[in-house]
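To start, the structure itself, in structure tokens.
The values are calculated or read from the model by the stated rules, or taken from the named source; none is laboratory data. Just so it is clear, the model here is predicted, and its values are computed rather than measured. Every residue, glycine as well, gets a Cβ built from its backbone with ideal geometry; the counts of neighbours run over all protein chains shown.
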């Protein structure tokens with residue numbers, strides 16, 4: 001995992017201190033786990049929509 005994070009940062013021209021690299025690896029791992037869990041979801045079941053339904057009663 002460390003090489004992946006370092007390689008991505010190097011490709012983007014970002015230099016980080018060695019002591020910050022471990023923190024970034026933990027964050028990268030957490031994001032990868034979240035992405036995997038989202039890809040497993042059936043997103044059709046999680047669809048939410050906002051619908052405007054006009055009132056049938058009188059206006060006051």
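Structure notes:
- Contacts under 7 angstrom Cβ, first residue in region 1-14 being on the phi > 0 side of the Ramachandran plot and at pLDDT 90 or above, partner surrounded by 11 or more Cβ atoms within 10 Å (Cβ to Cβ) and assigned to a loop (DSSP other than H, G, I, E, B), 6 or more apart: none
- In region 11-22, the residues that are exposed (fewer than 12 other Cβ atoms within 10 Å of the Cβ) and assigned to a helix (DSSP H, G or I): 11, 18, 19, 20, 22
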